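Reviewing the structure listed below.
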Amino acid sequence: YSGDGGLAKDAQLNQPRGVFGDSSGNIYIADTFNHCIRKVDPAGYIGTIVNFTRTAGYSGDGGLASIANLNIPEIVFVDPSGNIFITEFGNHTIRKVNTSGYISTVAGNGTSGYSGDCGNPASAQLNNPSSVFVNSFGIFIADTLNYRIRKVSPPILPKVMTASVTGITATTANSGGNIVCDGGSPIIEKGVCWSTSSNPTTSNYNTQPQFYLFG
């Protein structure tokens with residue numbers, strides 16, 4: 001292991017198993033037995049972007065990826081938005097680094113096994129995942145020693161049904177509705193205001209158990 005800050009051609013890696021190139025000309029490398037992810041910029045310079053201590057382990061969710069620990073990362077995939085997805089063979093997880101550089105676990109609870117279908121993917125069990133692919137339909141995982149392909153579906157947007165408001169003759173009018181499908185996602189109630197030209201805009205958060213319309 002050597003070379004950070006210098007030309008990638010002069011750097012040392014340790015049994016890298018995955019590589020991905022994005023549309024900007026960056027190259028991402030799963031430096032597998034250094035337990036880190038390295039990046040080569042278009043000018044050819046290399047740096048470590050995930051787990052710069054190179055310590056094998058499982059830590060860091062919610063914090064900066066640079067100080068998180070990985071365990072035998074095998075494949076790295078970068079989606080069109082710039083989010084980085086990593087298969088961790090040794091931790092039995094799929095990790096994600098967002099565009100702000102923060103890391104989280106998107107699938108797998110860190111123990112080997114087979115469980116969790118139709119549930120929270122971060123509570124599911126994988127067994128030595130070795131590949132990942134992401135598109136608009138979801139996250140696809142090669143769950144290698146379970147001999148399966150697993151899919152993490154994107155969240156379903158909630159649907160809200162409301163009653164119409166007509167004949168407004170005062171400065172306020174009341175109506176209401178029900179959330180008919182939460183899509184398994186947290187629901188945050190908000191206020192909504194509208195104008196006489198029928199252009200509604202999002203207003204302030206509402207912490208009360210009602211959904212308000214302001215006008």
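Can you tell me how many residues within the stretch 12-27 are over 16 Å from P42 (Cβ atoms), in a loop (DSSP other than H, G, I, E, B) and free of Cβ contacts under 8 Å to residues at least 40 places away in the same chain?
4
Residue check: is T87 crowded, with 22+ Cβ neighbours inside 10 Å, polar (S, T, N, Q) and in contact with a strand residue (DSSP E or B) (Cβ under 6 Å, 6 or more places away or on another chain)?
Here the answer is yes, as T87 does meet what is asked.
Return yes or no: is R54 touching a His at 6+ places or on another chain (Cβ under 6 Å) and modelled with pLDDT of 95 or more?
Yes; evaluated as a whole, the condition is true for this residue.
Looking only at the stretch 33-70, which residues are among the hydroxyl-bearing types (S, T, Y) and either without any contact (Cβ under 8 Å) to a residue 40 or more places away in the chain or outside the structural domain of G110 (by TED's automatic domain parsing) (or both)?
Scanning the stretch 33-70 gives T53, T55, S59, S66.
Looking at (1) within 20 Å of S123 (Cα to Cα); (2) touching a Ser or Thr at 6+ places or on another chain (Cβ under 8 Å), which one does I75 not meet, given that it meets all the others?
If we test I75 against (1) within 20 Å of S123 (Cα to Cα); (2) touching a Ser or Thr at 6+ places or on another chain (Cβ under 8 Å), just (1) comes out false.
The values are calculated or read from the model by the stated rules, or taken from the named source; none is laboratory data. Owing to the predicted nature of the structure, the values given are computational and were not obtained by experimental measurement. Virtual Cβ from ideal backbone geometry, glycine too; neighbours counted across all protein chains shown.
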